[in-house]
Amino acid sequence: MRAIRRSRYGGPETLEVVDVDPEPLEPGRVRLRVTAASLNPFEWHHMRGLPWLMRPTSGWRSPRNPGLGVDVAGVVTEVGGEVVDLTVGDAVFGVARNSLAESATARAEYLVPIPEDVEPAHAAAVPLAGLTALQALRDRGRMAAGSRVLILGAAGGVGHYAVQIARALGAGRVVASCSGRNASWVADLGADRILDYTRGEVEDLDERFDVIVDIAGGTRIGYLRSLLASGGSLVLVGGPGEGRLLGPATRIFGGLIASRFRRERVVGVNATWSGADLALLASMLGNGSVRSVIHREVGLADAPAAIAELEDGHVPGKLIVRM
Ligand SMILES: NC(=O)c1ccc[n+]([C@@H]2O[C@H](COP(=O)([O-])OP(=O)(O)OC[C@H]3O[C@@H](n4cnc5c(N)ncnc54)[C@H](OP(=O)(O)O)[C@@H]3O)[C@@H](O)[C@H]2O)c1
């Protein structure tokens, strides 16, 4: 089967499409014929081995794992021992090991059925970005029905799900930041008010919020704290990959430390794989309360260039690799 492989850290030139043998199937896992995989900043961080913070697990001098890719949609072709809920032929989506390949294996507990009438590519787009958005709002942000929510970075992978999930969870008001060229489709996803960050509209706010989800990381944390209503939460998700040592974590750790002795609640999020949350996201996809906005689909050979495009930080919605 064809798969993306690399033996060193670096730019997209380090990624090659090669023929490899499928990995052995471990108990608790299934093998998938991959239909579509989606790209996240996760892939370019792993491609570059940056920030250095990740090297203890990813490999110090070169990548421990030669493959790439987590988000997947596919069809089950083989079922490992101890798997009871999936059978050959099931169309599923979720989290896999090295999904940028024609075939990949995944833990059965992190796969859920693709809802009827949902395109595999639209399901493949969801896992990492959708889990991050859901867990940021519901768990870390303690969002409740009626909450006033501000989402900074609403046109990206995480942000466009966050706008819709906030609506689906019953937000009273959703305000979203993006650049003007993305304003109309982000408003269509359910934002009540759009702030064009390129025109300084985030820095001039006259509203208070119960939950702020900061995905873009372009605004001072002290100012964002001042926008919180009493009892509100600021959730720090990501930001520009500046700083080779800590990357976006520089700002997040700094913000958490500076906020320790203040009244406002400031928290980070670290998305975790969850079958229950994937099932919830699947039900939202199925009932139409959440949809994936696909910027472009590319073939496996063009995945390295697509990862480089994502690294530039201005892809609207999701990039999909279709096998
Ligand atoms: N903590 C976690 O568990 C976790 C999980 C997933 C992702 N993340 C992090 O979250 C961040 C976003 O991930 P993603 O998948 O959404 O990335 P993405 O899809 O690459 O985000 C790109 C989007 O960000 C927008 N953007 C860039 N600068 C902005 C700004 N200053 N204000 C508002 N929007 C801005 C761009 O819109 P324009 O073109 O309009 O500028 C573009 O649409 C990354 O830093 C990622 O590493 C963290």
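Read-outs: derived from the displayed coordinates by stated rules, not from any lab. All of these numbers come straight from a predicted model, not from anything done at the bench. Note: ideal-geometry Cβ built from the backbone for every residue, glycine included; neighbour counts use all protein chains shown.
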Mean residue ellipticity (222 nm) of the chain, computed from DSSP H runs ≥ 4 via -39,500 (n - 2.57), nearest 500: -6500 deg cm²/dmol
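Quick one: pull the percentage of alpha-carbon pairs in the stretch 146-217 with a separation above 14 Å. Numbers along the way, then the final one.
Values: 1280 of 2556 pairs.
In whole percent, the share of Cα-Cα pairs in the stretch 146-217 beyond 14 Å is 50.
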Share, in percent, of DSSP beta bridges within the chain that are antiparallel, nearest 5: 50
The stretch 128-268: relative contact order as a whole-number percent, Cα under 8 Å and 6+ apart: 22
The stretch 29-71 and the stretch 170-245: distance between their alpha carbon centers, rounded to Å: 28
Projected label distance in nm at Arg199 and Val84, using a 7 Å step from Cα toward the beta-carbon: 5.8
Convex hull volume of the stretch 128-268 per residue (C-alpha atoms, cubic angstrom): 98
Nearest-ten-degree value, helix 275-286 long axis tilted from longest Cα axis of the chain: 80
The stretch 211-320 shape via C-alpha gyration tensor axes, a/c threshold 1.5: oblate
Per residue Cα convex hull volume in Å³ - calculated over the chain: 128
